[in-house]
1. Can you work out the accessible area per residue across the range B:1-104, with the rest of the protein chains kept in place, probe 1.4 Å, in square angstrom?
2. Calculate how many DSSP beta bridges within the range B:6-92 are antiparallel, expressed in % of all such bridges and rounded to the nearest 5.
3. List the residues, sorted by chain then number, that are 5 or more residues from A:GLN73 or on another chain and whose placed amide H is less than 5 Å from its amide H.
4. Name the lysines eligible as straight-distance cross-link partners of B:LYS96: C-alpha to C-alpha under 21 Å, and not fewer than 8 places from it in the same chain.
5. Summarise the partner chain shielding of A:42-53 as one whole number: the mean count of Cβ atoms from other chains within 10 Å of each residue's Cβ.
6. How would you rank B:303-309, B:392-398, highest first, on the average number of other Cβ atoms within 10 Å across their residues?
7. Ignore the peptide's own chain and count Cβ atoms of other chains within 10 Å of each Cβ in B:110-116; give me the average, rounded.
8. For chain B, what is the calculated [θ] at 222 nm in deg cm²/dmol (nearest 500), taking -39500 (n - 2.57) for each run of four or more DSSP H residues and dividing by its residue count?
Amino acid sequence: MKQNSFQKHIRFFILIVSFVSIASLSESCSSVHVRAKQASPADDMHKKTVYALWWGGSDPIETIDCGEGKGLQIVSSSSNWLYSLCTVVTLGIVVPMDIEYRCTSENLQNGGTLK
Amino acid sequence: MSTKVTITENYQWANEHNNVNKQILRRYQIYNTTGWKDGLKGIQEMLGQARNKMERVRSYGGKWSLSDVAVSNDNMHDTKPLTFWAGIGASNIDGKNWFADKASLDKRLFYFQSGAQIAQINIALEKAGFSLPTTGASNGQTLAGAVSTGTHGSALKIGAMQDFVRALHIITGENEHFILQPKTDPIVKKGFSDIFGAVLLNDDELFYAALVSFGSFGVIHGLIIETLPLFQLETYCIRINYSQAAGIFPLLANFKHDSSTNITSYLNSVGIKCTEDPHHVDLIANPYSTSNNVYLRAMFKRPYDPQKLSPEPGSSDTRVGDDILSLVGGIADSIGAAVPVVVNQLFKDVAKVQSGFTQTPRNIFGDSTVYHIKKGGASVELGVPVSQAKAAVDAVFACVQSSVFAGFVGIRFVKNTKATIGFTRFAPLTCTIELPAVNSEATHNFYKKVFAELDNLNIPFTLHWGQEGDYSPQRLSRMYGAMLDKWIQARKKFLPDSVQRYMFTNDFLKRCGINEAAPLTGGTII
């Protein structure tokens, strides 16, 4: 009887661990994109995880250097099941999210007329 | 290197649709400082280094291809920092118009470096009072990338994007670069190639072979293109049954490049009131329904008149010119039995487009949203003779009934190209059938089924080089016949040194069986 109960607990533990692992490894389940209109992208998409802390008391501020005369082509913010769980468990004290961004490409260089 | 270059070792390369990923030895980003000189010199130095190491090189642009056509295992060159552009001085022009227009040719010819992106070019040309004659439905490609893979729209009398290119500036080694143009219809004099220190090469076979060659003739440094005076497109979109839409196929089978398209009365009969030929006409079909399952889109070219422009669309608005790969992004996570329901539901959303919307090309064929596709997109695009277009589309629909295909069917019509292995090769019009969908095993099985069915029906077809498909030597031989050998011979003539041919070869070419490069000392290295 005791053995059965122990096995049940083990199975439950494995189930939870598997579920959390799959959830954390899976791709983000929701995302928001903000894109500059008719902006041409540079090559690399940059990605990082940021944390908003203390109910907005310490929101992350990211400074991005795209180079002179260039801006952001796209910014995406995404969350997943694990991040949502973290937010609930910490009562909103820790709100993780993934952000992705990409700068715009070099501007066209007008060379006038080739004579 | 003496120029401004960023080299990233062991770079993880992925295309924009996220279905091609590869670890490469290094990525080069070469920058101009002022003008074009540093960009040109940087590429030459990169090629010199690659040759010394016996490594391969491939340039890429917007990473818009869904196949590995633009991928190398060794060195990859991001062209996007190379964005110089300029007009061509009248004293250097030696040619005639390709597109009937009264505006003087010397005002309409431009040299663009390879990294200029379509969105940037549209904006720059519009400010200068010109338009690209045609583009694909989206603006994310670079000019060189779009041309090299045969990107097209559905402009009936223009052709694909390579069909407005008048000359190519190709670098083949540390000390070799060429301005390549057709001998029968040259556009620039030697004085132009002297500006770059390049060799002027007038050769029809080489030019038309190099036009669609996906980086295998060398690194394209720049292109001379013929533009048109700025125009605007008045767009219409109606939703009809496929049985009505199919009425357009026999009419376009009798298409003549230099006269009426014969479809004005047809368009009137289905509800698009018009008195002149459309510049562009295409269809988007929902294969999971039989009624109201086609959007027929027609665009009429008008001289630029700012008084008649519609308000510019917001970035999230659906436009008549939207590319359907973006539209299928919403289906990406649907599976199995839910596919017909999701496709039907998503198809309704396309109807938000406004008929009568009038804008310049940059606002008609605008931003794409391919990054929404989390699991990666997949797409195959077939080219078939317009005379057999209905049979081909019917075959695709039949395959959908017995498969899982989470997508729409995009049908466009393109004037036949002169490019030796351009996939829009069928005269007078090639009907292109695009099948964008979720990247899954079921989708790829569906594509195989379509190829087999078209073979069974003896319908000849080609495949878009920048999309997925069967690129086996057998299939290529069937698609291009003698033209394929002509292309291989032209490449051999342009790159007589087998090391050069090796440098500009990649796995895609090898798979195609067109990687012709003699074995080097020590055996075959490819």
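The values are calculated or read from the model by the stated rules, or taken from the named source; none is laboratory data. It should be emphasised that the depicted structure is a prediction, and the values quoted were computed from it without experimental measurement. For neighbour counting, all protein chains shown are included, and Cβ atoms are generated from backbone atoms with ideal geometry for every residue, glycine included. Surface areas here come from the heavy atoms of the whole protein model, side chains and all, with no ligands, DNA or RNA. Shrake-Rupley method; radii C 1.70, N 1.55, O 1.52, S 1.80 Å.
1. 38
2. Taking every DSSP beta bridge with both residues in the range B:6-92, the antiparallel ones total about 50 percent.
3. A:ARG102, A:CYS103, A:THR104
4. Leaving aside lysines fewer than 8 places away in the same chain, those within reach of B:LYS96 are A:LYS115, B:LYS107, B:LYS157, B:LYS183, B:LYS189, B:LYS190, B:LYS415, B:LYS418.
5. Per-residue shielding by partner chains comes out at 2.
6. In descending order of packing, they fall as B:392-398, B:303-309.
7. 3
8. Taking each H run of at least 4 residues, the total per residue is -8000 deg cm²/dmol.
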